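The values are calculated or read from the model by the stated rules, or taken from the named source; none is laboratory data. All figures in this text were calculated on a predicted structure; none of them were measured in a lab. Glycine gets a Cβ as well: all are built from the backbone with ideal geometry, and neighbour counts include every protein chain shown.
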């Protein structure tokens, strides 16, 4: 499991500043030996251990760095990378190339898509919606990955797993109020 490279307490101060849109003031507590500096729209909080958080209020970006790794926030996308090369990206777009399979035809991007990678492999999640039935969605992915290792029909959806496909494919489909939510998760291992 990916663990954020920065402690939650270190993230709280700059996140509050970014969300509230506040500038740097001398009253911001930064802990023992920390400093706060401002250069135009950019505010930097430096911890006693050298960890840094830089907030650019003009472009609404945040960069946090510690001995354990880096977290960047830009345009609604959060990217975390630890010092071992593990990374996660939340928000932003997942492409068909990232997923390793085509999107269901005519489907629209939903919320919750993400990409994560580590030396052990890569996981990609694509969340999409359609008005087609769960059976139609399963049939489409069968045409792309063959017969699944496991397939289950649920009262309001379906689930299927292709554990021998490359990349491995997990499909969870739920239907409510005329909309079908498609959650496609793929995993690859390093070669």
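So the values come out like this:
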| item | result |
| --- | --- |
| Subset tally (residues that are surrounded by 18 or more Cβ atoms within 10 Å (Cβ to Cβ), touching a helix residue (DSSP H, G or I) at 6+ places or on another chain (Cβ under 8 Å) and assigned to a strand (DSSP E or B)) for region 140-165 | 4 |
| Lone unmet requirement of (1) out of contact with any helix residue (DSSP H, G or I) (no Cβ under 6 Å at 6 or more places or on another chain); (2) at pLDDT 80 or above; (3) assigned to a strand (DSSP E or B) for residue 124 | (1) |
| Of the criteria (1) within 29 Å of residue 71 (Cβ to Cβ); (2) part of a strand (DSSP E or B), which one residue 190 fails | (2) |
| Single residue of region 166-188 satisfying the filter (buried (at least 18 other Cβ atoms within 10 Å of the Cβ) and without any contact (Cβ under 8 Å) to a residue 24 or more places away in the chain) that is nearest to residue 137 (Cα to Cα) | 172 |
| Residue list for region 86-101, restricted to those being closer than 17 Å to residue 129 by Cβ and surrounded by fewer than 14 Cβ atoms within 10 Å (Cβ to Cβ) | 93, 96 |
| Test: residue in region 5-14 that is in contact with a helix residue (DSSP H, G or I) (Cβ under 7 Å, 6 or more places away or on another chain) and either outside any strand (DSSP E or B) or at pLDDT 75 or above (or both) | no |
| Some residue of region 47-57 being buried (at least 18 other Cβ atoms within 10 Å of the Cβ), at pLDDT 85 or above and either under 24 Å from residue 186 (Cα atoms) or outside the structural domain of residue 116 (by TED's automatic domain parsing) (or both) | no |
| Residue among 138, 127, 161 that is under 14 Å from the mean Cα position of the chain (by Cα) and farther than 28 Å from residue 65 by Cβ | 127 |
| Conditions (1) farther than 30 Å from residue 133 by Cα; (2) in contact (Cβ under 8 Å) with a residue 60 or more places away in the chain: number failed by residue 110 | (1) |
